[in-house]
Every structure is written in C-alpha cells, then in structure tokens.
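Note sheet for the following structure.
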Amino acid sequence: MPLSERESPGFSPWGGGQKCRFYIREGSRLAILALPEAETLEVFAAGDTTGSCRGDVAVDELVDVLGPGARTITPSAIFAALHP
C-alpha cells in the first residue's frame, strides 16, 4: 500500500525522508513525501530508489502500484486538492 507524508511548517524534509525510508524498510511498496511550497513529490520505493515529481506528469511508481487508473494522480492534481 502506498503511504504519504506532508511537509508542515518547521518540518525538516530530511526527517520526512527518513520516515518514508522507514515505511519502505517495513514493507511498503511506495512512500511519497509532499513538499507543498515547492509543489514537488519525493517518491521512495524499494531498493532505496528515490525520485522527484512535479507538474502534470503521472507518478510512474504510483501507476506501477495502483494500476493505470492512477495516471490521473499527478503532482499538480494533489497540490490543487491541498490548496483549494
């Protein structure tokens, strides 16, 4: 199951990254850290694989886990929901 974390004021991105890595070590297939100020998603997957996503492009790792219907879940769509 994919997990997500959101950066909050006073939050250290390194701390969130450590938490996401913990989720992966404990068996999650995917963890996503949302960085609202940069409108960027940091994606963590097995094997210490990490990446960043922005804009209207599908998160490939999320599509791999959830299937083709997840192509509409883009960083832009996520941040639009966070900032209605």
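The values are calculated or read from the model by the stated rules, or taken from the named source; none is laboratory data. None of the values given here were measured: they were computed from a predicted structure. A quick note on method: Cβ atoms are made from the backbone with ideal geometry, for glycine too, and the neighbour counts reach across all protein chains shown.
Observations on the structure shown:
- Close Cβ contacts (under 9 Å, 6 or more residues apart or on different chains) running from residues in region 69-84 that are small (Gly, Ala, Ser) to residues that are at pLDDT 90 or above and in a loop (DSSP other than H, G, I, E, B) comprise ALA70/ALA58; ALA70/VAL59; SER76/GLU39; SER76/ARG54; SER76/GLY55; SER76/ASP56; SER76/VAL57; ALA77/ASP56.
- Restricting attention to region 46-77, the residues that are aliphatic (A, V, I, L, M), within 13 Å of the chain's Cα centre (by Cα) and under 21 Å from ARG21 (Cα atoms) add up to 4.
- Within region 30-84, the set of residues being hydroxyl-bearing (Ser, Thr, Tyr) and modelled with pLDDT under 90 comprises THR49, THR50.
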